[in-house]
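The values are calculated or read from the model by the stated rules, or taken from the named source; none is laboratory data. Computed from a predicted structure; not experimentally measured. So basically every Cβ, Gly included, is an ideal-geometry build from the backbone, and we count neighbours across all protein chains shown. Just so you know, the surface numbers come from the protein's heavy atoms only, side chains and all, with ligands and any DNA or RNA stripped out. Shrake-Rupley method; radii C 1.70, N 1.55, O 1.52, S 1.80 Å.
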Amino acid sequence: MKKGLLIILSGPSGVGKGTVRELFCKDPELNIAYSVSMTTRQRRDNETNGVEYFFVSRPTFEKAIENDELLEHAEFVGNYYGTPKKYVDDLRNQGKNVLLEIEVEGAKQVISKVADALTIFIVPPSMQELEKRIRGRRSETEEVVQLRLAKAGKEMEKLGSYKFIVCNDDPHLAAQIISLIIKRHME
Ligand code: 5GP
């Protein structure tokens, strides 16, 4: 059986990666399995353990690093985030195209291990719009909002290491474009 693709989706916090991802993942032809990451971040009210993330303590996360259970991991605004390795390998071996929605440092680690990973970076139509979206989420303190905005500027500087840059002005359009990119790579 042909091994599935490894797809990396990145973009600054608040750009709408989750919304775009949910839209294109509905397309059954893409045969996508979403990789649920592990994080030490606090769960938001609208999140469920095991769906958006596996929410774990710092010692549990550090144990996973020590045991080499993560394909990549990074610290983002004071919390750890990482991709469980076995889950990704098993699904790709079953022919599934596995999608990682991760930040740029983690993406760099994956690219160095999986040279043919399909990398896509989502950009906002403007930084003003990004700020509006981050504030619209109303789930974080002003301090965290400022940290996420500063981080967004830094992340945008790294978009040169991605194969495709897609602007999320309209999430439906962005999802359609990403869907086409993935289909071309499946051929
Ligand atoms: P959030 O706290 O907004 O859910 O995520 C913060 C950032 O961490 C986002 O850019 C998100 O894509 C990224 N992220 C989520 N899971 C992972 C992961 O497993 N590894 C890495 N490196 N970044 C992740």
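Of note:
- Strands (runs of 3 or more DSSP E) wholly inside the range 1-95 containing at least 2 residues that are at pLDDT 95 or above and of a type outside the set (A, V, I, L, M, F, W, C): 37-39, 70-76, 79-84
- Test result for residue 122, closer than 20 Å to residue 178 by Cα and in contact (Cβ under 8 Å) with a residue 12 or more places away in the chain: yes
- All conditions in (1) near the ligand (Cβ under 10 Å from one of its atoms); (2) buried (at least 18 other Cβ atoms within 10 Å of the Cβ); (3) more than 25 Å from residue 94 (Cα to Cα) hold for residue 61, with the sole exception of (1).
- Hits in the range 79-97 (condition: within 12 Å of the ligand (Cβ to nearest atom) and either open to solvent by 10 Å² or more (accessible area, probe 1.4 Å) or of a type in the set (A, V, I, L, M, F, W, C) (or both)): 79, 80, 81, 84, 85, 87, 88
- Looking only at the range 23-44, residues that are open to solvent by 40 Å² or more (accessible area, probe 1.4 Å) and within 14 Å of the ligand (Cβ to nearest atom) come to 4 in all.
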